[in-house]
There are 2 protein chains.
Amino acid sequence: MNNGQRYEPLTVPKRVILGPGPSSANPRVLRAMSLPIVGYLDPAFFEILDELSGMLGEIFKTNQRAFAVAGAGSAGMEAGLVSLASPGDTVIVCSYGYFCERQIIMAERIGFNVVPLRTEWGRSMDPKVLADALDEHPDTQLVVGIHAETSAGTSHPIAEFARLAHKAGALFMTDVVTSLAGCELKFDEWDLDYAYAGSQKCLAAPPGISPVALSERALEYIRNRPKPPSSWYLDLSLIADYWGSDHVAHHTAPVSMIYGLREAVGMALNETLETRWERHEANAAALRSGLEALNLEMPVPESDRLDQLTVVKLPEGVDDIKLRNQLLNEYSIEVGRGLGKFAGDVVRVGLMGESCVPANVFALLNALEKVLPEHGFEVANGAAMAAASSQLAMKPSPIYSV
Amino acid sequence: MNNGQRYEPLTVPKRVILGPGPSSANPRVLRAMSLPIVGYLDPAFFEILDELSGMLGEIFKTNQRAFAVAGAGSAGMEAGLVSLASPGDTVIVCSYGYFCERQIIMAERIGFNVVPLRTEWGRSMDPKVLADALDEHPDTQLVVGIHAETSAGTSHPIAEFARLAHKAGALFMTDVVTSLAGCELKFDEWDLDYAYAGSQKCLAAPPGISPVALSERALEYIRNRPKPPSSWYLDLSLIADYWGSDHVAHHTAPVSMIYGLREAVGMALNETLETRWERHEANAAALRSGLEALNLEMPVPESDRLDQLTVVKLPEGVDDIKLRNQLLNEYSIEVGRGLGKFAGDVVRVGLMGESCVPANVFALLNALEKVLPEHGFEVANGAAMAAASSQLAMKPSPIYSV
C-alpha cells in the first residue's frame, strides 16, 4: 500500500554474512535499533550511557574508561592515533596486514615521525622486532600493534608488545576490532593504554560505532599534551568527558546506535564472555575440519591463526570473483575477498557474533562443495559436512542464547 | 521473560522532543533501522547507496555530489574544514553563535590562519562584514558561514556569502544542520561548495549520520591539494569515492543508519520539500502566536528568525533549570537550554521533522500555561491555545503523510 507515493518502504535481501564484517545482528539488537529517540542530554539517556559504560568495562575487562566513539572502527583507530601522540613525535607501527597499513597512512597524515615495522603477512609478529626498534628509537611516544589482523587472519602477542612499549616509556594502543568478545582480551591485566573495536563483528551489533577502552595514563597524556589533538570530533578526552559522570556536551550522540550496542553487549554478557569465546573456537574448528576435507589450504599456521576469521587459499584455477559472486547470488552467502598481499589468492571467512553458528558452517561447506567442481576442482561428496559435524560432536557447541 | 538473564531488553521513555535536536523519528524510519544487516560491499547495498545519493541530491537541490559522512553533524563540520583548506591557509569563519565558535575551535586545531568575524547573536549577519574581511584578506582559501544557527535561532544570507567568497577566489562551506528539509535551500543555484547537515532534525531520522553536498570545484581542490587532509576518516574525497560509481572501499559504512536515512529522505520527498517547508512555517507561526499570548518575548526579530527553532526569553524570576526539569519530568517534553551568550536566559524550542506537528505545539503551550504561574509569572488561561489554534485555522496545516 503506497498510496501512489514515490518511495515505498525499503526492503533488503537476507544474507548469510560470513565475510570479515559486518556480521549479522541478533533480532533483539535489531529491535532495540527501532526504539523511540530520546535527547542525547536527557537524564534517561545518561542512565543508558552509564550502564553501557560499565558493561563495556566488563567486555574489555577494565576498571578504567570504557565508552564508544561515534563512527566506524576506523574512527576509533584515528581517535587513538590523533589523541595519543603529537605531530613530530616518533610513533612505531607494527605492520603485518592491510589495517596496519591503514594505521601508517593515518599516522603519516597526522604528521608523526612514523617508524613502520613490516613483518610477514600470515604470521604472528615476533616481539623481538619491536624490542630492537625501541632500542633504536628510545624517544618513541606511541607503539601501535593490532591484536587480530582481519586481512591476514592472524593473532599477535599484544600483552608482550605493551610490556616492551612501557619499558621504553611509550604508550601502547591496539586494534581489537575483530577480537573483542570473540577471543581472550584483558585490557587491565595486559596493561593496554587504548583499544578500539567494532560493533559489527563478534559483538553482533550493526556497524557504525566503535567501543573503546582507555587507560588513565593515556587520558592523563591527552589532558596535558602541549597542544590539543588536531581533531575535535575524535579527541578521546572530550568523548570521555561526555561519557563521564559530568556528561559534558560534545557532539550529538548516535542514540539508536547506542541502543543497539547496549543490547548487543548485554547479550554477550548474558552468554558470558568465556562461553562466547568457546563458541567462536568450536565453530571455527568445525569450519577448518570441513575445509581440510575439501582439500583446501589455510596459509596461516595453527599457532598464529584466528578463530573469528579464517583465510582460505584458492586452489589453482579457481576464479576469485566468480566464486564469490556464485556464493552471493546462488546461496546468498557473503565471504570476503583477499586484501593487500593476499588479494586474488584467498577468500576470508568470518564466523563472528550472530554469524558464528553451526548452521552457517554447514551452509558454507555445502555451497563450496557444490560450486568448486564448476571451477574444475573436484571434491568428495559429503566429506566436508561429515568432518564439520564430527568435529562439533566432539564437544557440544555452546547454545547461543538470546 | 528474562530466564534469569542479567540484561533484559532495553526500554526507553517516550518523549515529546522539542529541543534543538535530535527530534523524534517517524515509525517508518524506526522500522527501517531494524532491517537485517547486509555487507557494506554487497552489490545490493551499493544499489541503496546509489538511490540514496540521488535522493539526497533532490533534498539539497544539487546535480553535483551528495552523500553522507559516517558521524554526527560535527563530523560533517570537521570533514569540510579538514578537507577544504590546508594548515597555514587563511580561513574566514563568520561567527554569530555557539556552533560558529565550534568551527573556530576546529579550524584552530587543524592549524589554519583563522580570521573570526564575530557579529551580534540573535541577528542575521550583514554580508558587508564579510566583504570587508575579504578585502583585508585577499589570500583567503575558505569562507565558513552557518545557514541556520541553532544556538541563536537565526537565519543567514549564505547565497550572498558564497557569491562574495567566489569573487575573492575562495571556497564557501556552510552548515545546514537545522535548515535542510525545513526551509528553502538550493545548493546549486546558490553556488555553494560544501554543505553538511544532520539526520536528526528536519529529516526526522535518528542522529549519527551527516548528509552532505559537495561541489565538483571543491572535490577538485581536495584531489589536487599539496598534501592530503590530516584526517583519513573525514577526507571528503575518499568518502565521495566510496559513494561514487566505483564504490572504492573506505571505512565500514554504518548500514542501519543508511537504511534509516534512506527512509527519512524518501518520506521527505513523498511529502515534497515545498510542503515540508510550509509545514515548518505553519507550525512555527502557531507556536509564536501562542507564546505571544503568554506574553513571552522572542529576542530574534521576525526578519532574522528560523521556523525550525524558536528562542524564547525567560521572564524575570523564572528559573531555567527548574522550568526545563518540570517540562521533562511532569509533561515528558524536552526543550533546549540556552547556549553561549544566551545561557540561562532563554529556552530553545525546536519544531522539526516528525516533531513539527500541531499536537506538539498545543502540548507545549498547555504545559507552559500550567507551569509558568508556579514561577510567579501569571498567564491568561487558555489564551495561548486559542491563539495557536486560530493561527493554524488561517491556513490548513499540511498533512504529514507517511
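The values are calculated or read from the model by the stated rules, or taken from the named source; none is laboratory data. All values derive from a computational prediction rather than experimental measurement. A quick note on method: Cβ atoms are made from the backbone with ideal geometry, for glycine too, and the neighbour counts reach across all protein chains shown.
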(message) I'd like to know if the range B:267-290 contains one or more residues that are on the phi > 0 side of the Ramachandran plot, away from chain A (no Cβ under 14 Å) and in contact (Cβ under 8 Å) with a residue 24 or more places away in the chain.
(response) no
(request) Run down A:SER237, A:SER256, A:SER199 and say which single residue is within 14 Å of another protein chain (Cβ to nearest Cβ), hydroxyl-bearing (Ser, Thr, Tyr) and not in a helix (DSSP H, G or I). (result) A:SER199
(message) Out of the residues in the range B:22-47 meeting the condition of being of a type outside the set (Phe, Trp, Tyr) and more than 7 Å from every other protein chain (Cβ to nearest Cβ), tell me which one is nearest to B:GLY73 (Cα to Cα).
(response) B:SER23
(request) Would you check which residues across the range A:82-106 are of a type in the set (Ser, Thr, Tyr) and buried (at least 24 other Cβ atoms within 10 Å of the Cβ) and list them? (result) A:SER83, A:TYR96
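Quick one: which residue in A:GLY344, A:GLY376 is farther than 26 Å from A:ARG123 by Cα and surrounded by fewer than 18 Cβ atoms within 10 Å (Cβ to Cβ)?
Numbers: A:GLY344 fails: farther than 26 Å from A:ARG123 by Cα.
Just one listed residue meets the conditions, A:GLY376.
Quick grid of which residues meet (1) of a type in the set (A, V, I, L, M); (2) surrounded by 21 or more Cβ atoms within 10 Å (Cβ to Cβ):
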{"residue": "B:PRO254", "(1), (2)": "no, yes"}
{"residue": "B:LEU261", "(1), (2)": "yes, yes"}
{"residue": "B:ALA285", "(1), (2)": "yes, no"}
{"residue": "B:GLU292", "(1), (2)": "no, no"}
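Is it true that A:GLU78 is under 17 Å from the mean Cα position of the chain (by Cα), surrounded by 20 or more Cβ atoms within 10 Å (Cβ to Cβ) and charged (D, E, K, R)?
Considered against the rule, which asks whether it is under 17 Å from the mean Cα position of the chain (by Cα), surrounded by 20 or more Cβ atoms within 10 Å (Cβ to Cβ) and charged (D, E, K, R), A:GLU78 comes out as yes.
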(request) Would you please name the residue that is nearest to the other protein chains (Cβ to nearest Cβ), looking only at residues in the range A:85-106 that are closer than 26 Å to A:ASP304 by Cα and part of a loop (DSSP other than H, G, I, E, B)? (result) A:GLY97
(message) Quick check on the range A:6-17. Is at least one of its residues facing chain B (nearest Cβ under 7 Å) and touching a strand residue (DSSP E or B) at 6+ places or on another chain (Cβ under 8 Å)?
(response) yes
(request) Looking only at the range B:209-223, decide whether some residue is among the hydrophobic types (A, V, I, L, M, F, W, C), in a loop (DSSP other than H, G, I, E, B) and buried (at least 22 other Cβ atoms within 10 Å of the Cβ). (result) yes
(request) Name every residue in the range B:316-337 that is surrounded by fewer than 16 Cβ atoms within 10 Å (Cβ to Cβ) and farther than 17 Å from A:VAL38 by Cβ, in order of residue number. (result) B:GLU316, B:GLY317, B:ASP319, B:ASP320, B:ILE321, B:LYS322
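Conditions (1) assigned to a loop (DSSP other than H, G, I, E, B); (2) closer than 28 Å to A:TYR7 by Cβ, marked per residue:
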{"position": "B:ALA25", "(1), (2)": "yes, yes"}
{"position": "B:GLU51", "(1), (2)": "no, yes"}
{"position": "B:ALA66", "(1), (2)": "no, yes"}
{"position": "B:SER83", "(1), (2)": "no, no"}
(message) So the check is Cβ under 7 Å with 6+ separation or different chains; which pairs have a first residue in the range A:109-131 that's within 14 Å of chain B (Cβ to nearest Cβ) and closer than 21 Å to A:GLY88 by Cα and a second one that's of a type in the set (A, V, I, L, M, F, W, C) and in a helix (DSSP H, G or I)?
(response) A:ILE110/A:LEU81; A:ILE110/A:VAL82; A:VAL114/A:ILE104; A:VAL114/A:ALA107
(request) State whether the residues of the range A:275-286 include one that is outside any helix (DSSP H, G or I) and more than 18 Å from the chain's Cα centre (by Cα). (result) no
(message) Among the residues of the range B:345-353, are any at pLDDT 95 or above and assigned to a helix (DSSP H, G or I)?
(response) yes
(request) Please tell me if B:ALA75 is hydrophobic (A, V, I, L, M, F, W, C) and either away from chain A (no Cβ under 11 Å) or in contact (Cβ under 8 Å) with a residue 40 or more places away in the chain (or both). (result) yes
(request) Name, by its number, the condition in (1) in a helix (DSSP H, G or I); (2) hydrophobic (A, V, I, L, M, F, W, C); (3) in contact (Cβ under 8 Å) with a residue 24 or more places away in the chain that does not hold for A:ALA204. (result) (1)
